[in-house]
Amino acid sequence: MQTPGLIVASARLPVSLTQRDAGWEAAPSLGGLVTALLWVARRRPFTWFGWPGTYVPDSDHAQLRAELDKHGSKPVFIRQTDIEGFHQSFSNQTLWPLFHGRIERTRFDAGGWHSYRAVNDAFAEAIAASAQPADVIWVHDFQLTLLPALLRQRGVTNPVGFFMHTPFPAPETYRALPQREPVLEGMLGADLVAFNAHEYAANFRSAAVRVLGAEFTHEGVRFGARQTRVAALPIGIDPEKIAEMGESREARQELASLQVTYAGLKIIVGVDRFDYTKGIVEKLRAFEQLLETYPRWRHRVVLIQVAAPSRMTVSDYQHLKREVDELVGRINGRYGTSSFMPVVYVNQSVSPARLTGLYRAADIALITPVRDGMNLVALEYVAARAERGGTLILSEFTGAAHCLPGARLVNPYNTDEVAAALAECLERPGTSPEQFRSMVRFVSENTATWWSGHFLGQLEQTAGESRHPTARLRLGTMPLAGMAHKARRPLLLLGDGLLHLPAPGSAEGRPDPRLVRLLTDLASFATTYVVSGHTGETLEEWFTDPRVGLVSEHNLATRPPGGTWQPHVLASSSSLKDLVDPLLREFVRLTPGSAVEYRAAGALWHFRSAEPDHAHLQARELLMLLEEQLKGQPYTVHRGKRTVEIRPEGLSKRHAVTRLLDQYADADWLLVVGDETTDEPMCEAVPASWRDRTVTCAMGAQTPLATTWVESLTELLDELEGLVQAWRRRS
Ligand code: ADP
Ligand code: G6P
């Protein structure tokens, strides 16, 4: 039996290669993604697909492949002509600034996009060729957004998850991206897309709805036939490993040496990958302001800023380097002496053990990104000081700010505020022992192992749900469906969600003429019903052939083939109108593009033409208020696709199906079709005793409630047309 394996894909492998005279040299890659995945790998081994960080000529591929394979790494080599476009350009000059809300730094370059696509394609090729049926595939970060959909295009049906380590910007910002559709479509190839914070997950869902016209679902979004769960799962670290490193010789030496060098001084530490999103300039300005405004701290405090060089081929990073160098020089020039510099600036990568020693020495960690998906340094500082406590001054614009309520949150753009926070925290600890313990608790519980286990658990569950053993509807060939051709008394119950009937309340829309024709044809051979939420009048106007049976307003009344309307529930909406009209009118006023429709026995607020984000929030609010208002009244409130509906108790398509099955108990073949939101109760209503002569079919997505599915109305109509032809030939 195949052991389920885990495949991880990220732009970077854990090591980056450099070609030297003596051959290839490997150095650890930098950044939160690699750090966290290395922690995961200690407890949950996986095969890691990634780029080794440089151009490797074809002649060296085999040797390096073999070498990296020993460490579970599968290199994806990138053509020399694509490196600039993929890495520098589209990843780091388009998506990185845009996703961090820095539209003024964002460059839109078509050449970069072509390379980005080509590299994502190369990843898809490599993974599709090596994935085994039981494998789970986990794609990481903004450099590989297209990969999930490209894997699907290659026929990969394995569970695919996507984790975005960066923020996801507000839809207004995201919409500036010229390639906004393919990037979203790419990510939506995954079964699960997760982010570090709810805010980013919500932005992503809104972008999918606005840009692609996807539908919100309970847990994520639906786009075409594919459901994607969207979640917030903040990444973690490995606190045990950090505690262990803290006891290492290297860490203890670092701590001891800092304690000697800066004896009697307060130590503030900053540790960052060198990036404009990290707010290093803002931090230095605030530190300068501290020395300026609070002179008592001059010569009594040192800021040790470690910044590991990153992306130095990108011009924004080169400019930043000059700016930081100048600022450090200015502060040290103004407030330093020949024997003391207030800013110690280390523009280097430092080993994790030394960093731990540094965290242990620091009274205050000053972390001031202007935007950051999470910021692992904040978590590392807390873990390193679990025993002794400390003070964390943290930008409110980081994902970590959502998880570490004990931190002193600041706005890094507000230099005065950060300087004042520093002065205050230098005077007395800014974080109480209790607050610090609560942060330690978060870091100890939300570890990298827990994070990966939680992500993979959700992925397997989501993928399992969407991979029910349902087949595409094929009426001619499937065993049960094949019975249709021979059936003498077939019964067809068609939910209106699936028939793509026009939006409630929209006067101009009409059903697809092909559907109307086909229903007439079907009704010549089978008892055919449209089971609908629409009013009887509307249905009669659309389906003029009296041989087509109609059920109106979720079982309020039925018009049997060739018959007249028979009511099942005596109801009127006039008393309902008295109860809810002021509230519904208020929501129409506050939600432009929405409308109210009263039916014979209920009411509907629909918002198909409204701005989706606002309308969905309003719908949630209205649902709550209506439930409150109608407590004790004989009505139920339902959330539909773009509707909130009030119905008299007991009205549901489920009851309609139960009744029709009783009435047509001698039917020898049954087809029930519905869409997965509004018509699901129809499939559920079919009792076990009917199973051997029933085909249920859902549209849009595979659901456990239906035995077959179709992707679109056209596909369904093609199948039904085939059936009509078979019946014609028979008669
Ligand atoms: P990002 O993902 O943007 O790089 P994070 O703060 O989430 O930011 O992660 C950075 C990781 O890199 C942390 O694990 C941190 O310890 C490490 N790191 C940051 N600065 C340095 C440095 N100067 N030398 C070595 N490692 C560093
Ligand atoms: C951040 C990103 C990573 C990226 C790293 C280094 O941590 O989230 O995806 O790998 O920065 O950036 P680089 O451009 O050197 O890969």
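Using amide H atoms built in the peptide plane, which far-off residues or other-chain residues are under 5 Å from R472 H to H?
Correct list: W709.
As a test of the definition: which semi-axes, in Å, follow for the chain when you take the square root of five times each eigenvalue of its alpha carbon gyration tensor? Largest first, please.
59, 31, 21
Step through the residues of the stretch 63-74 one at a time and calculate ³J(HN,Hα) from phi using the Karplus curve (6.51 cos²θ - 1.76 cosθ + 1.60, θ = phi - 60°), rounding each to whole Hz and writing x for Gly and Pro.
Going residue by residue, I get 4, 6, 4, 5, 5, 6, 4, 4, 9, x, 9, 10 Hz, with x marking Gly and Pro.
Carbon and sulfur atoms: what percent of the 1.4 Å accessible area of the chain do they account for?
51 percent
For R273, list long-range residues whose amide hydrogen, built 1.01 Å from N in the peptide plane, is under 5 Å from its own amide hydrogen.
A308
Hey, with R₀ at 30 Å, roughly what FRET efficiency would R488 and Q725 work out to, going by the Cβ-Cβ distance, to 0.05?
So, using R0 = 30 Å, E works out to roughly 0.95.
With a 1.4 Å probe and all protein chains left in place, how much accessible area per residue does the chain have, in Å²? If you can, show how the numbers build up before the last one.
Details: 29970 Å² over 731 residues.
For the chain, the solvent-accessible area averages 41 Å² per residue.
So what J values fall out for the stretch 361-367 if you push phi through Karplus, 6.51 cos²θ - 1.76 cosθ + 1.60 with θ = phi - 60°, rounded to Hz, Gly and Pro as x?
7, 8, 5, 9, 9, 10, 10
I want to check the label-to-label distance for T54 and E586. Put each point 7 Å from Cα in the C-beta direction and report it in nm to one decimal.
6.7 nm
Can you give the helix-only mean residue ellipticity at 222 nm for the chain, where every DSSP H stretch with n ≥ 4 adds -39500 (n - 2.57) and the sum goes over all residues, rounded to the nearest 500 deg cm²/dmol? Intermediate results must be reported in sequence, preceding the final value.
On the way: 26 runs with 304 residues, N = 731.
Taken over the chain, the calculation gives -13000 deg cm²/dmol.
Under a point-charge model restricted to the Cβ atoms of Lys and Arg (+1) and Asp and Glu (-1), what is the dipole moment magnitude of the stretch 239-446 relative to its Cα centre, in debye to the nearest 20?
Roughly 400 debye for the stretch 239-446.
Please report Rg over Rh for the stretch 239-446, where both radii come from the alpha carbon positions and Rh follows the Kirkwood definition.
On the way: Rg = 15.9 Å, Rh = 17.0 Å.
When Rh is taken as the Kirkwood radius, the ratio is 0.93.
List every residue whose amide H lies under 5 Å from the amide H of S16, counting only residues 5 or more places away in sequence or on a different chain, with H placed 1.01 Å from N in the peptide plane.
A27, S29
Determine the relative contact order of the chain: mean sequence separation of Cα pairs under 8 Å and six or more apart, normalised by residue count, in whole percent.
That works out to 9 percent.
How big is D for the stretch 6-232, in µm² s⁻¹ as a whole number, if Stokes-Einstein is applied with the Kirkwood radius of its Cα pairs at 4 °C and 1.567 mPa s?
For the chosen part, D equals 72 µm²/s.
Given points 7 Å out from each Cα along the Cα-Cβ axis, report the Q80 to S338 separation in nanometres with one decimal.
5.3 nm
Remind me, what semi-axes does the stretch 198-322 give for its equivalent ellipsoid, largest first in whole Å, using sqrt of 5 times each Cα gyration tensor eigenvalue?
Taking √(5λ) for each Cα gyration eigenvalue gives 43, 22, 15 Å.
What are the ³J(HN,Hα) values, in whole Hz, obtained from phi via the Karplus relation 6.51 cos²θ - 1.76 cosθ + 1.60 with θ = phi - 60°, for each residue of the stretch 527-534 in sequence order, with x given for Gly and Pro?
So the J values, rounded to whole Hz, are 6, 10, 10, 9, 9, 10, x, 6.
If I take every Cα pair under 8 Å that is 6 or more residues apart in the stretch 6-232, average their sequence separation and divide by the length, what percent do I get for the relative contact order?
That works out to 16 percent.
Could you work out how far apart the two model spin labels at R43 and H299 are, taking each label as a point 7 Å from the Cα in the direction of the beta carbon, and quote it in nm?
5.0 nm
The values are calculated or read from the model by the stated rules, or taken from the named source; none is laboratory data. Computed from a predicted structure; not experimentally measured. Glycine also receives a Cβ, built like all others from the backbone with ideal geometry; neighbour counts cover every protein chain displayed. With ligands, DNA and RNA removed, areas are computed over all heavy atoms of the protein, side chains included. Shrake-Rupley method; radii C 1.70, N 1.55, O 1.52, S 1.80 Å.
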